[in-house]
Structure formats: structure tokens, C-alpha cells
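Here is the structure we will look at.
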Amino acid sequence: MESPSRAWPVLRRRSVLRLFAAVPVAAALTTACSSASDEPDPLVALATAAKSDAQLARAIAQAHSGLADAANEVAAARSAHAEAMQREIDRVNPPDPEDPPSVPDVAPPPSPGASDAAAKVLRDALSLAQQKAARLVPGLPTYRAGLVGSISASCASLREVLG
């Protein structure tokens, strides 16, 4: 008959230490493998705003010939911003081909009636985009911080183009 102490395997001190040493490694590996985050990608809101700003600039360019050149430049730049952020969003979280795009298309807004009011609305939109992007930069990984920081600087430059 076996003694009760032999019925259960005995964990030696070294085995227990190895087990405890392996726990952080296993946790790190399982965390590193999961790429999905519970929080929405912060670039989605910025990319949606960029699409909206581009649509606004196009509407202003069509309605106000005196602002057309500057507004078309703003539209082209903000469209490029939206595309760059969409590529980054898709790089981090590759989309399912059957899902809609993560950055929705926006309806073109109406252009303000007066030329001065239209320029102010566009400058305000660029200021807001620049501020939102600048606030987001410190919390982003390096590559994304560079992308969003350059978009913030571009919005500030575009605002100056409008006067």
C-alpha cells in the first residue's frame, strides 16, 4: 500500500519558482498576440472630420469663385489626410472585405451664403481639426504621432492660406 504522501506528486521549490517565472511571460505573449482593442481607433474621428472638411471646402469652392483656389487646396489636402489616416487604421486593424469602411463617407454640407462667412467657417473647421489632432499626439505610438502631428501642422498651414 502506498503512503498518502506518495499519492500526490510533490512540487519542489524549483518547480514552483519556474511556474511563477513563466506566468508573466505567458501573460505577455497572450497580450501581444491580440491586436484588437476594445476602444475605437482615435484616428477614425479625425479621418471622418477630414472627409467632412474636404466636402465643406469643395462646396465653398463651387459657391464662391473668389475662394475657389484656396478652398480647392484645402479640399485636396484634407482628402489626402483622410486617405492617410484610413490607410493607417486599416494597417493596424485590417478590415474584413465584407464590412463597410471604418471611416464613413459624409454628405456635403451647404456652403455659407457670404464669402466672408464661408472663409470663416472653413478656417474654424481647420482650427478645430488642428487642435484635435494636436491633443491626440502625446498619447499615440511614435509612427501614428508623426502622422497626426503632421496633419495638425498641415491644418495650421492651410488656415494661414485662407488668411
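The values are calculated or read from the model by the stated rules, or taken from the named source; none is laboratory data. The structure displayed is predicted, hence computed values, not measured ones. Here Cβ is always computed from backbone atoms with ideal geometry, including for glycine, and neighbour counts include all displayed protein chains.
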If you check every pair at least six apart or on different chains, which have Cβ atoms under 6 Å apart with a residue in segment 80-93 that is without any contact (Cβ under 8 Å) to a residue 60 or more places away in the chain first and a residue that is of a type in the set (D, E, K, R) and in a helix (DSSP H, G or I) second? 82/51
Sort through 56, 128, 122 and tell me the only one that's of a type in the set (A, V, I, L, M, F, W, C), over 15 Å from the mean Cα position of the chain (by Cα), at pLDDT 95 or above and surrounded by fewer than 17 Cβ atoms within 10 Å (Cβ to Cβ). 128
If residue 114 satisfies all but one of (1) under 15 Å from residue 41 (Cβ atoms); (2) out of contact with any Leu (no Cβ under 6 Å at 6 or more places or on another chain), what's the number of the condition it fails? (1)
